[in-house]
1. Averaging sequence separations of C-alpha pairs under 8 Å and six or more residues apart, then dividing by the length of chain A, give the relative contact order as a whole percent.
2. Leaving out ligands, DNA and RNA, calculate the buried accessible area for the pair B and A with a 1.4 Å probe, summed over both sides, in Å² to the nearest 100.
3. Using Cα centres only, tell me the gap between the stretch B:201-255 and the stretch B:156-176 in whole Å.
4. Quickly rank B:310-319, B:222-231 as a protection proxy: mean count of other C-beta atoms within 10 Å, highest first.
5. Mind listing P(r) for chain B? All alpha-carbon pairs, 10 Å bins, whole percents.
6. If you restrict to DSSP beta bridges whose two residues both lie in chain B, what percentage is antiparallel, to the nearest 5?
7. Based only on Cα atoms, what Rg/Rh ratio does the stretch B:207-260 have, Rh being taken as Kirkwood's radius?
8. Roughly how crowded by other chains is peptide B:358-365, in terms of the mean Cβ count from those chains within 10 Å of each of its Cβ atoms?
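The values are calculated or read from the model by the stated rules, or taken from the named source; none is laboratory data. Predicted model, so just to flag it, every value in this text is computed and none were measured. Backbone-built Cβ (ideal geometry, glycine too); neighbour counts: all protein chains shown. What goes into the accessible areas is simple: the full protein's heavy atoms, side chains included, and nothing from ligands, DNA or RNA. Shrake-Rupley method; radii C 1.70, N 1.55, O 1.52, S 1.80 Å.
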Amino acid sequence: MSLKDEEVLHVARLSAIEVSEEEIPRLKKDLNEVLEYMNSLSSVSTRGVRPTSHVHGAVNAFRDDLVRESLTLEQTESNAPDFNSNGFRVPKVL
Amino acid sequence: MSKLVSLSLVEMREGLLRGDFSALELCDAHIERIEATNAALNSFITISSESARAAAAAADKRIAEEKDRSPMLCGIPYSAKDMLVSEGIETTCGSKMLSGFISPYNCTVLERLEENGAVLLGKNNMDEFAMGSSSERSSYGAVRNPWDLDRVPGGSSGGSAVAVSSGQSPFSLGTDTGGSIRQPAAFTGAVGLKPTYGRVSRYGAVAYASSFDQIGPLGRSVEDVASVLQAIAGKDELDATSMDVPVDSYLESIERMADEGLAGLKIGVPREYFSFSVDEEIDANLKGQIAALENLGAELVDISLPHTEHALASYYVLVLAEASSNLARYDGVRFGHRAESVSSLEEMYCRTRAEGFGTEVKRRIMMGSYVLSAGYFDAYYVKAQQVRTLVISDFKAAFANDCDVILAPVSPTPAFGIGEKTASSLEMYLTDIFTVPVNLAGLPAISIPSGLTKSGLPIGVQLIGSAFQEGQILGVAKALEQSNTFANNEKTQQAF
């Protein structure tokens, strides 16, 4: 099994990364090489083995639901590419 | 070159308390060293001289008032991988995506070091978003190995390792997702400790693969690294995955083991690790380390970690999956780079990410999206988590039945040439074969210098412990360090 051009574009779309026509051959080669290596996992017998969810078997960590200080508006805005009247401005959605 | 840049942390501490030099002088000597060498090494992305000098002056005041009641690290300079967010100082994570990003808060480890009075000199270069094993894949240029400027320093914490081994910084904080502290330490003749998953808070470490990432110290001796771990270890309520397990006194563990010796200690050598192709000199060095440990009184035992062969594939599936999810936050909305002249929201996302991320980061995100996508999730992701369970069981069985500590190589080769492995992603991934099993199992491991190749490149050896047994591997590392006649940074310090 190996990825074709349209699958590379599909994965790029899932990843929200714009990919140019020229980039496809190299990406396809790299992805296929790594996926082929990953396919070696299929030879491992894992019947009845539980998938790991936490390395030390820890479960949920809870804390009290208390109101605490959070970032100020000024701090929130400080790294924003486009901030206007208390909101992050983006291209029109609707 | 000032003598101040080659002292151990204990020597710095004693000198500060005696008044032989001030924290400000210590800070200035290191800034001078960084300024003299950074053009060649490219190990710092940001040098924060001004805030460092202010912190050093404050430390001098505190030492004058509190004397030996001041914290051990008070007035001691250090640097941090540019993946750890720092209030008021730029954090780029080695990426154009975060160029100019200034965090409004400190990560927990920097906060703890600040409370201790340590002095942050600046931020170390790294592979972009920690995705690499050579520190070549940074938007800010490749880091150079001080032992041979045409070779890589390892990665992704390459800038941290170089800072420490070239006398730019007494210690540095790095992160280790699949070997990113241990392998650069080995390539540069430094000591690097990857703590147990959950031993050190990850709050404020830019996320790569959250179930693997762990912050740890790089330094020039086992004792120095132990002192730093002491300051940063422990539960943090801001990181739900930090564990509430008592923190040992690491310096005491080292001393105790130095007094009692290694008699009665069982050190396992995994037979599967010999099935990989390893450089002859690394192999000979490992055999020498086995003999050295036997001379120290330890019993060396042959052990089996049967799923080692599949650890690397499992690791890459899981890490890339987690990365694809973690890096979704770079969308050009709240912080970081944003593409200009776009006509729709989707175009803004896609072009922002195409422009802001480097090639390897894009590849890893795309592979991660693929293994998580409909139809492939069970075959890759779930399967890899099952193999992870098997790798964890291998280690558990070895520690329960056969040994206290495991000995292994760090890397199959010494530092390779710049550009040698960048043509193929897979070839670069294969260099991580001896370091990733530890991250799959969340265990602590340390890399210490164990010799030099004939051509004069450092070799490292790795000691792996059971969960939360950092004290034990530090103790064995100290004993081995004393028996290795490796003069840490003499050569690199003379080279400049």
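1. Averaging sequence separation for qualifying contacts and normalising by length gives 17 percent for chain A.
2. 5100 Å²
3. The distance from the Cα centre of the stretch B:201-255 to that of the stretch B:156-176 comes to 16 Å.
4. Highest-to-lowest ranking by the protection proxy: B:310-319, B:222-231.
5. 4, 21, 32, 27, 12, 3, 0, 0
6. 70 percent
7. Value, to two decimals: 1.04.
8. Shielding by partners across B:358-365 averages 4.
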